[in-house]
Amino acid sequence: MKFAAYHLDYTDENGTLDIGFYAITKANLNSVERKSGFRAIQLDLPPLKFAGTVGTASNYGVTLQLGTPGANGEFISAAVNFDIRDFYDCEDVEDILNYTPTPSMPTSLVSDEKLLVESSWVVTSSLTIENSDLLFKSLSTPIHITVANGGTLTITGNQTDSTYLGGCKMWDGIKVEPGGILIIDGMWVSTATAGKFVKIEDAITAVSGIGNGTATDVPQIYLSNIAFNKNIVALHFENDNFSSSSVFRSLFKCDGGFISKDASNPIIIPEKHIYLEAATNLTIGGGSQACIFQDVLVGIDAFKSDVITYLCEFNNLMDISNFPAKGYGIVATNVDPTARVMNVFRARFNKLHQGISTTGNYNINIDNDNIDYFRDVDDIAISLNCMNYNNDIDIRENKNFLKCNIGIKISGSNLNDVTISDNTFNNTGFVETQTNSFHNTAITVQMPITTARLSTNVEIIGNSITDYRIGIHGSNIQRMNIIPNATSNLPNEIIF
């Protein structure tokens, strides 16, 4: 719930508009007053200052001075944003909000409906949900929708009539089994605006695809233009090759940073938006609008999985449990002897603790095509710990590592080919908060001394580095070539 209060059209004695009195107010909603009660919604407004005509504002105890009221004589405007469904039990919404109790699954089409879903559904043929609200009732075993082998579930919304899926408390989302197909499209409005007219909220896991590991009868999941909000996990892909699935132009968030749907656990703090577990070849992102990740600890968390992203934005992820600590864009771990792939293309990382963090066996390509960036990263923008795996790493054309404590840190005892080329690092104005050995360093590549300087080819090519304490650092590297770009002939430039 968000409250805002601001003074309208205040001018000082010189007639200059003053916006300095804008204020975010305190708001209180007691957990035992969710439906009704004294001061169930309490809005505390700041004192009126220098607004309106001369007089006394008895409610606030201050004297009004010279100023100009709004067009209708108002001095303060207050806006409240909340979901009215949070104030009613499921038993109430039938009468008050005109939801229709639905004890069993509709046969083939739900269109322009408001349904109170009272049991889990299993889709075995074809079911379409369009322009409708589905509210899932609270049961001892949370309700879910299963898309079985041979079944297709299609969910759409549009600019006039959106589609909403949410729970009275927490529900268990949509589960796509091997051979099942899920299509969700929240409508693409134009090249400039993503509609996101499908919203999925309040789920333990909003959408999951669990394969059988055989690369046959794989769950097929096509997601575009969706707003995922207040889910413990938005997407979970597991144990298969998901090359035929896609995630486009979607928003992943958690308003307020926590979920308060469960009375026994009133503060649930989600830790990740997307979880990949033994999943390969799934592409996250694409098109001309970004997938956006915010509000939780980790945007994408991968275990023994490929990480392939195109046009994703990781912005202001937070460790709510340790607020105001910042979060991580992508975290990937693979201790399997089979190398996984990390391809990150055209991504933005902003206001994070770490941008990309890998541990273990990954061949890595991070290429931002001289367009996108890493900004305001208080620890490490790109942290790659290859352990004892023989990996290839290519990091190139990242337009701006701006105000990052460490730009690129690569470590491992058995690196293979490492290329860091044509990146721009600028720490002008960076405020140091750490004092470890490599704080405020643009590039560092490290191998432990016990590796006896194994044959590793490290090339640092044509990078621009400004105002870092350490520009380029290498430790126990047998061959580290710091050379110009062979095509542009631009050297590595370090400016202090």
Limited to the range 393-421, what total is found for residues that are under 14 Å from residue 365 (Cβ atoms) and either at pLDDT 90 or above or among the hydrophobic types (A, V, I, L, M, F, W, C) (or both)?
13
Based on what the data block shows, is residue 439 at pLDDT 90 or above, out of contact with any helix residue (DSSP H, G or I) (no Cβ under 8 Å at 6 or more places or on another chain) and under 30 Å from residue 337 (Cα atoms)?
no
How many residues of the range 317-330 are surrounded by 14 or more Cβ atoms within 10 Å (Cβ to Cβ), of a type outside the set (Asp, Glu) and free of Cβ contacts under 8 Å to residues at least 40 places away in the same chain? The answer is 5
The number of residues in the range 114-142 that are in a strand (DSSP E or B) and closer than 13 Å to residue 185 by Cα is 3
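Where residues in the range 422-436 are among the polar types (S, T, N, Q) and modelled with pLDDT of 90 or more, which of them is farthest from residue 368 (Cα to Cα)?
If we take residues in the range 422-436 being among the polar types (S, T, N, Q) and modelled with pLDDT of 90 or more, then 428 is farthest from residue 368 (Cα to Cα).
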Would you tally the residues in the range 300-345 being in contact with a His (Cβ under 8 Å, 6 or more places away or on another chain) and of a type in the set (Phe, Trp, Tyr)?
1
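Can you give me the number of residues within the range 278-288 that are within 18 Å of the chain's Cα centre (by Cα) and not β-branched (Val, Ile, Thr)? If you could, list the steps in order and put the result at the bottom.
As a first pass, look at the range 278-288 and keep what is within 18 Å of the chain's Cα centre (by Cα): 282-288.
Okay, now just the ones that are also not β-branched (Val, Ile, Thr), so 282, 285-288.
Summing the residues that are within 18 Å of the chain's Cα centre (by Cα) and not β-branched (Val, Ile, Thr) in the range 278-288 gives 5.
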Qualifying residues in the range 206-239 (those that are within 16 Å of residue 171 (Cβ to Cβ) and assigned to a loop (DSSP other than H, G, I, E, B)) - the one least open to solvent (accessible area, probe 1.4 Å)
231
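With respect to residue 184, determine if the residue is at pLDDT 95 or above, within 19 Å of the chain's Cα centre (by Cα) and under 22 Å from residue 244 (Cα atoms). Walk me through how you get there before you give the answer.
On the way: at pLDDT 95 or above: yes; within 19 Å of the chain's Cα centre (by Cα): yes; under 22 Å from residue 244 (Cα atoms): yes.
So residue 184 fits the description; yes.
Condition first: closer than 11 Å to residue 356 by Cβ and not hydrophobic (A, V, I, L, M, F, W, C). Now tell me which residues in the range 379-397 satisfy that. Break it down into steps so the answer makes sense when it comes.
Quick first cut of the range 379-397, residues closer than 11 Å to residue 356 by Cβ only: 380-384, 395.
The one that is closer than 11 Å to residue 356 by Cβ and not hydrophobic (A, V, I, L, M, F, W, C): 383.
Go through the range 107-118 and give me each residue that's of a type outside the set (D, E, K, R) and open to solvent by 30 Å² or more (accessible area, probe 1.4 Å).
Taking the range 107-118 and keeping what is of a type outside the set (D, E, K, R), we get 107-111, 115-117.
107, 108, 109, 111, listed by residue number.
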With the structure loaded, tell me whether residue 394 is under 27 Å from residue 249 (Cα atoms), open to solvent by 10 Å² or more (accessible area, probe 1.4 Å) and not in a strand (DSSP E or B) or whether it fails that test.
no
Give the number of residues within the range 143-181 that are open to solvent by less than 40 Å² (accessible area, probe 1.4 Å), under 18 Å from residue 236 (Cα atoms) and either touching a Pro at 6+ places or on another chain (Cβ under 9 Å) or part of a loop (DSSP other than H, G, I, E, B) (or both).
11
Quick check on the range 342-356. Is at least one of its residues touching a residue at least 12 places away in the same chain (Cβ under 8 Å) and not in a strand (DSSP E or B)?
no
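Please verify whether residue 371 is among the aliphatic types (A, V, I, L, M) and open to solvent by 10 Å² or more (accessible area, probe 1.4 Å), treating the condition exactly as stated.
yes
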Residue under evaluation residue 250, criteria (1) over 19 Å from residue 173 (Cα atoms); (2) out of contact with any Asp or Glu (no Cβ under 9 Å at 6 or more places or on another chain), criterion not met
(1)
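Of the residues that sit in the range 412-441 and are part of a strand (DSSP E or B) and touching a residue at least 40 places away in the same chain (Cβ under 8 Å), which one is surrounded by the fewest Cβ atoms within 10 Å (Cβ to Cβ)?
Initial filter on the range 412-441 (part of a strand (DSSP E or B)): 417-421, 424-426, 441.
Next, only the ones that are touching a residue at least 40 places away in the same chain (Cβ under 8 Å) stay: 417-421, 424-426.
Working: 417: 14, 418: 24, 419: 17, 420: 27, 421: 20, 424: 19, 425: 25, 426: 20.
My answer is 417.
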Which condition from (1) closer than 23 Å to residue 461 by Cβ; (2) crowded, with 24+ Cβ neighbours inside 10 Å is the one that residue 343 breaks?
(2)
Residue by residue through the range 448-458, note down the ones that are open to solvent by 50 Å² or more (accessible area, probe 1.4 Å), at pLDDT 65 or above and not in a loop (DSSP other than H, G, I, E, B).
449
Tally, over the range 271-309, of residues that are at pLDDT 95 or above, open to solvent by less than 20 Å² (accessible area, probe 1.4 Å), part of a loop (DSSP other than H, G, I, E, B) and farther than 17 Å from residue 356 by Cα:
1
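The values are calculated or read from the model by the stated rules, or taken from the named source; none is laboratory data. Since the model is a prediction, treat every value here as computed from it, not as a measurement. All Cβ positions, even for glycine, are placed from backbone atoms using ideal geometry, and neighbour counts span all protein chains on display. Heavy atoms of the whole protein, side chains included, go into the accessibility calculation; ligands, DNA and RNA do not. Shrake-Rupley method; radii C 1.70, N 1.55, O 1.52, S 1.80 Å.
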